[in-house]
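First the structure, in the form of C-alpha cells, and then the observations on it.
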Amino acid sequence: MTTLINMLPVMESFYTIQGEGYNTGKAAYFIRLGGCDVGCVWCDVKDSWDVTKHPHVTIDKIVEDALKHPSRFVVITGGEPLMHDLTFLCDQLHKNNFIIALETSGAYPLTGTFDWLCVSPKKFKFPLPELLNSADELKVIVFNKSDFEWAEKNAKDVKEDCKLFLQPEYDEFNKVMPLIIEYVKANPQWQVSLQVHKVINVP
Ligand code: SF4
C-alpha cells in the first residue's frame, strides 16, 4: 500500500503574478518546495537545494494558506518539486478547485496530477523522456549559444501542441537576448519568455 505524503518541505510561498512562460501575467499562489540536486551553475535559488533547511509543512496548512488569496491558480516550483511525491498535495488542491501548474526540470518521475506541466530541461541532469512527452510547455533557459541546440534536442521529444519557449538567463540577458530574438524570428515555432516579475518588481 502506498503511503500518501502529507507534509512537504516548503522554502517559501507567496501570492504574486506569474512572470514567465505561457501563464505570464496571471495572479498565482506560488509554492516553492525545498530540495534540488540538479546543480545548475546559474541557479538563482541555490538556497532551495538543501532540503533539510526547509520546514516540513502539512498539506492541510499549505492548502489553507493558498485559500487565503482570491486566485485559484497555483504554481508548484522549487527546487526540484518532483523530488517529492506530490500526489496528495495535488489531490487536496484540486478538491479546493485550484488549477495547478508545475515547474520542473523533468529529472524525476511525475507524481500528482497537473493542469499545466512546464518542463525546463537542464544539461546538468537530463529530463526523463516521459516528462518531456507529457509537457504542455517546454521552457529552455538560454545561457549561451549552445543552448539553442539543447532546446531543439528536447523539442524533438515533446507533444505536437507543446508550447516552446526560450528564456534568457537573467545575468546573461544582454549577451543572449539578441541571439534569442534572431533565433525566434528564424524559428517561429519558438516564443520568447521573459522574467517579467523582475521588471515589475514582484517575487
Ligand atoms: Fe536551481 Fe532549478 Fe536548476 Fe534546481 S533545477 S539547480 S532549483 S535552476
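Each value in this text was obtained by applying a stated rule to the coordinates, not by laboratory testing. This structure is a prediction, so every number in the text was calculated from the model and none was measured. All Cβ positions, glycine included, derive from the backbone under ideal geometry; neighbour counts span all protein chains shown.
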When each of LYS26/LYS46; LYS153/LYS185; LYS26/LYS185; LYS125/LYS175; LYS46/LYS139 is checked by Cα-Cα distance, pairs over 21 Å
LYS26/LYS46; LYS26/LYS185; LYS125/LYS175
The chain: Kirkwood hydrodynamic radius (Cα pairs, Å) comes out at 17.3 Å
Report the full-extension gain for the segment LYS123 to LYS153: residue separation times 0.36 nm, less the Cα-Cα distance, to one decimal in nm.
9.7 nm
Linear extension gain, LYS53 paired with SER134, 0.36 nm per residue minus alpha-carbon span
26.1 nm
Electrostatic dipole magnitude of the chain [Cβ: Lys, Arg +1; Asp, Glu -1; Cα centre; debye, to 20]
240 debye
Give me the aspartates and glutamates in straight-line cross-link reach of LYS61: C-alpha distance below 15 Å, same-chain residues under 8 apart excluded.
GLU12, ASP91
Taking 0.36 nm per intervening residue step and subtracting the Cα-Cα distance, what contour gain separates ILE200 from MET177 on full extension?
6.4 nm
When the Karplus curve 6.51 cos²θ - 1.76 cosθ + 1.60 is applied with θ = phi - 60°, which whole-Hz ³J(HN,Hα) does each residue of the range 112-128 get, with x for Gly and Pro?
x, 10, 10, 8, 8, 10, 9, 9, 10, x, 10, 5, 7, 7, 5, x, 6
Cysteines not pairable in the chain (beta carbon separation under 4.7 Å absent)
CYS36, CYS90, CYS118, CYS162
Using the Kirkwood formula on the Cα atoms of the range 33-127, what hydrodynamic radius do you get, in angstrom to one decimal?
13.9 Å
For PRO109, net neighbour charge (Lys/Arg +1, Asp/Glu -1) across residues whose Cβ lies under 10 Å away:
-2
In whole angstrom, the spacing between the Cα centers of the range 114-154 and the range 22-83 equals 19 Å
What helices does the chain hold that run 18 Å or longer along their axis, going by alpha-carbon atoms, with a Kyte-Doolittle average of -0.5 or more, using DSSP H for the helix calls?
173-186
